[in-house]
Every structure is written in C-alpha cells, then in structure tokens.
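I have placed the structure first, in the form of structure tokens, so that the comments after it can refer back to it.
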Amino acid sequence: MLLISRDLVAFAAALLILTGGCTAEKSPIVKATVTRQYTLEDKNVDRQLLQPNVVTVVSDPSEAARLGSYFPDLGLEKKSRIAGGWIQFAEIEFERANGEKLSVKVDPDLVDWTEGGQGDFRTAQGFGPYFLTLLREAESAKEAVESQSMPTRSYAEKGVTNPESGKVVITRSFSLDEAVLLDEPVKTIIDDPLEVSRLASYFPQAGKGMTSPHAGAWIAFAKLQFLQSGGEWSSIAVSSDLSEWSEGDGDWELDPEFGPYFRELLRAKTEMVMNAQENRQQLLEQEKQRLEEEEEFYLEQDRYSVGSYLGHISDKFPEWRFTREYLQGSGTFFEDLKKPLDYDVSTPKELASELERKANVRVLIDESDKKHPVIHVIDKSLHKMSDILDRKIDFDYSGVVGDLPKALRKVVAEIDRPRSGPIMSGFLVGTDDSTKVTVHAKDETVRHILTHCVDLDNYNRTVWIADTIEFDDGTWKTQVLYVRLADDK
C-alpha cells in the first residue's frame, strides 16, 4: 500500500510553483458589480445571511482593475482539479472596456474563487482584507449620505411621478465654502438611487421640454448631468448662489433648501473620497510592508530546504533548467538542513558545490545546450537506483512526451510513466503529456534522452521529475513526469 508522507505532500505543493505565469493582453477591466450574501464581519463564523442580497457597484475603473488583479487567471478559461463544496460569500461581475463580462464567485474565507464551475483557484495575497475594506467603505459612504440632516423629498412631493435610475455627474466650477472660482472643474459622481432621486426632486420641470419666461445672466456654480441606461435625460446648470437652475430654455427658481443640501452632499462625497483614498493608501503601504517582511522571512526559511531553495535559484537564473530525482519517503528535498544554503552563487558549478556540501544530493551539470545549462539534482538516498538513468542505451521513438517513459520501459524495465503515487495525486494540472517528440538515440544515457528529446526553450524552470517508488509487490519503479510547457501556464 502506498503512503503519502509529509515530505511528498510538500513535494507536490512545490510542483505547483515550478513554473511562472504569462497572461495574454486583454481589454482592461473598467467596472465591477459585487453581489454579496453575508454581512462584513472579519471572521466567517460571525457573519449573518443577508435578506435581500447587497449590491455594490465599483464604477471607478482603476479600483475595478485593482479588484480584478486579485484573480490572476480571470478569463483564461483554465480548469482546476480542485473543487470545494463551499457556499459563496459573494459574486463579482467584471466588465471590460470592450463590453465583455466575466463572473467569479468567492468563498466565505475569501481564499478560493471559481469561474464558470471550472474548479477552485486561489486569490492573490491580501485579497481578503482589501475586499472587506472596499465593501465597508462603500457601505459607510452610503450610510453617511443617508444620515445627513437634509430634506428627504420624494419625487411625488415635487411633482415627479417617474423617478429616474442611473447616476448624476456633477461638474462644479466653484469651491464649496466661499464660492471661489476653481482653476480646474471638479467632478463628483452620485450613483446611489436614493440620492439621485432626491437630487432630481428639486428639478420637477427637468427633462420635460418645458420653457420658462424668466431668463437671467448668471455664472453656473455647477452642471448636473442626469444619466440612465438610455443616455442623458437632462443637463442642468445651477447658479452660483444656488437660487436658480436652467436647462437652457429659461430659468427656474430653486427651493431655498437646495443650497444647504447640495453643498453638504458635495462636501460629504468629497470627504468620503478623500478618506477612501487615504485608507486605500494606508492599506497599500501596510500590505507592501507585510509582503516585504513575509518575503524576507520565507527567503531565510527556504535556505534550509533544497526544494524551496531551488525555486528561488531558478527565479534568479531563468535560463537554467533543472531536473529532480526523488526517492519516495527520503525527505531529502524538503526536510530542514543543518546549515543554510547560500543564494550567492553565480554559475552551475558553484550551485553544485553548495548543494553537495550541505545537502544529501549529488549534482550533474549538462551544458550541451549552451543557452540552457541543465542541472540534474539527485537524491543520494537513491544509491544504485539512480544508476538507472545513467544507463546508456540505443532508443528510437516518435509520439507524445507523456508516453515516452512507457516506451523506455521496453528497454529499461525500471522506467515507467506515473500510474499512482504522489506525483499523480491531484497535481496533473502542471504536467505536459501532449508535446510531440522524435528520438533517435545511440549509446546515450537515459537521463540525456529524457532531457534533450524536448525543446528546452519551451520549458520553464524544471523540465522533468523522476520519483522512485516501491509498489505493493516489492518492485521499484522510477516514474518520470514532464512539467507543464511554459506556453500552457
């Protein structure tokens, strides 16, 4: 019976970070609509189900794009073998500039997300605190506006029977306190339905094509554009003393209550925006500091693990390629070393020396490909079993790379493709089974054949891994698995 030990689980997890990522250029995200089912407490267990759901619209393109950045695989139609049975905390609909819409669901812990039922993916670091802060700011802003001591007139009270949905874009030319002319106009967007309705109630004749016999010469304090899905339904200018308004066909008198209400609305919205920007900046600085500290911590910790150390080295030297040869259960690649490995290496030979002095591995350097030197890192616990890949053979093959180990088995009985064991336990997402290869080898080592039957330009970091496993019948097999192609990330 096969047992998956802690070091093998760690190995499998490490396999997921062996390759980097690349994303095709997409139309930018300009809007996001969040529909959440629960309240906003920090801990999942403290949250309450909402009735009805709460909808938050992120209409700022930069904020919507930032929200989308926490879902790095968004819209790439990737599939994951991992799928949990969680109840969603919220659904987010993203809208790109080209009109394309994408929808994701996030779990209550704000760690996993899914798109179109294609399995679960992890959100980028820091998503949970950022997402809760974003939603809380939006909720606080809405409550602040609603709680202002302002008139609460309905459309019906002002003679308007059909409240307009949508938003109001206010472009003002004066300061709020002393009505000083501004150097540059300031825009404020009101998209809360209650506030849109309240604003429109002060302009009962708007949008009806009505003409006033009164017309004066005054400088506009602000211009208000009432927008809905069909476009602009009214464009209004209000006078600098906030006593009159016009659509261009005469002036109408404004209710005396409008001036105090309008100034307080703009002031509250301005303060809200400034506070949100300040809070976002603080959050960004805190997140940056946390990530820097976390990176520094893990860099130091990873010096004591061969597997983690090699991940950082492959980032430092992207042209280098690696293969790894494991023995089931030995822990050589993942158990703590007595002495930390040094990141300050500059050549494959220096790396080999550092590894062989401090870890239970032997290292072979293959520089037959001048662009991509290959470093073979071999667990010494394999002893003579590693000689299997040193064996020289004559070998011809044409087919997919995933079946290459199976074909090799006809010549070297101990070689096989994965059929069970840790490297087959849910981690096939990062493997390459379909690349077509042709091999005509004469008196070459098995290791050389495995490495150079593929184009190393198309692989990133680790080319293949070999895991030597004991099966229930007492036989040992070296299972070879090719890591995902760089273009398939």
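Derivation of every value follows stated rules applied to the coordinates shown; laboratory data play no part. Fair warning: this is a prediction, and the values are worked out from it, not measured in the lab. Note: ideal-geometry Cβ built from the backbone for every residue, glycine included; neighbour counts use all protein chains shown.
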Rg (Å, one decimal) plus Dmax (Å, integer) for the alpha carbons of region 341-464?
-> 15.4, 43
Residues L456 and E335, FRET efficiency given R0 of 35 Å [Cβ-Cβ distance, rounded to 0.05] = 0.70
Grab the other residues whose beta carbon is less than 12 angstrom from that of K339, score K and R as +1, D and E as -1, and report the net.
-> +1
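Summing Lys, Arg as +1 and Asp, Glu as -1, what charge do residues with Cβ under 13 Å from the Cβ of K349 carry, K349 excluded? Walk me through the numbers on the way to the answer.
Details: positive: R357; negative: E350, E354, E356, D366, E367.
Net local charge, K349 excluded: -4.
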Search the structure for amide H atoms under 5 Å from the amide H of Y38, placed 1.01 Å from N in the peptide plane, and list their residues when 5 or more places away or on another chain.
-> L50
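May I ask for the equivalent-ellipsoid semi-axes of region 259-402, computed as the square root of five times each C-alpha gyration tensor eigenvalue and listed largest first in whole Å?
Values: eigenvalues 540, 80, 41 Å².
Largest first, region 259-402 gives 52, 20, 14 Å.
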Scoring region 18-110 by relative contact order with C-alpha pairs under 8 Å, at least six apart, yields a percentage of 35
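Work through the residues other than I87 whose Cβ is under 15 Å from its Cβ and net out their charges, Lys, Arg +1 and Asp, Glu -1.
Working: positive: R36, R47, K105; negative: E91, D107, D109, D112, D120.
Cβ neighbours under 15 Å give a net charge of -2.
To the nearest 20 debye, what charge dipole does region 266-326 have about its Cα centre, counting +1 at the Cβ of each Lys and Arg and -1 at the Cβ of each Asp and Glu?
300
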Percent of all Cα-Cα pairs per 5 Å bin for region 332-377, counting from 0 up to the last occupied bin, reads 5, 21, 28, 24, 13, 6, 2
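Distances longer than 25 Å among the Cα atoms of region 179-325: what percent of all pairs is that? All intermediate terms of the calculation are to be shown ahead of the outcome.
On the way: 5829 of 10731 pairs.
More than 25 Å apart: 54 percent of the Cα pairs in region 179-325.
Considering Cα pairs under 8 angstrom that are at least six residues apart, work out the relative contact order of region 70-122 and quote it in whole percent.
In percent, rounded to a whole number, it is 37.
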